[in-house]
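Inspection log for the structure reproduced underneath, given as structure tokens.
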Amino acid sequence: MIAMHDKLRASNIDWEDVAIAADKNGVFHIFFGDIVDNAKGRDHITVYELKAPAVTGDGTTAELTDVTAHPYAYSDAANNAKA
């Protein structure tokens, strides 16, 4: 692990997945999926997006800012994305 951050400023009901992707300008973004609903009772799930911080390797940390929450709801009913 190169870096670890504990101040994401996003709720965590049941995170299941994480991904990283570059936008059209080559800027990397990290996506966290708060998508699990074992009881199938949630009215929505959320994918959090933030700009990937620079990692220097010298032990310094960057503040994680500009976290965007993307809420989604299934059109038919609550579902468990883990299943």
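Just so you know, all these numbers are worked out from the coordinates, no wet-lab data involved. Small disclaimer: the values here were computed from a predicted structure and weren't measured. Note: ideal-geometry Cβ built from the backbone for every residue, glycine included; neighbour counts use all protein chains shown.
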At 0.36 nm per residue, minus the direct Cα-Cα distance, what do residue 38 and residue 79 gain on full extension? Give it in nm, one decimal, please.
-> 13.9 nm
Amide H proximity to residue 36 below 5 Å, modelled H, separation 5+ or other chain, gives 14, 16
Between residue 70 and residue 13, what is the spin-label point distance in nm, taking each point 7 Å from the Cα along the Cα→C-beta axis?
-> 1.8
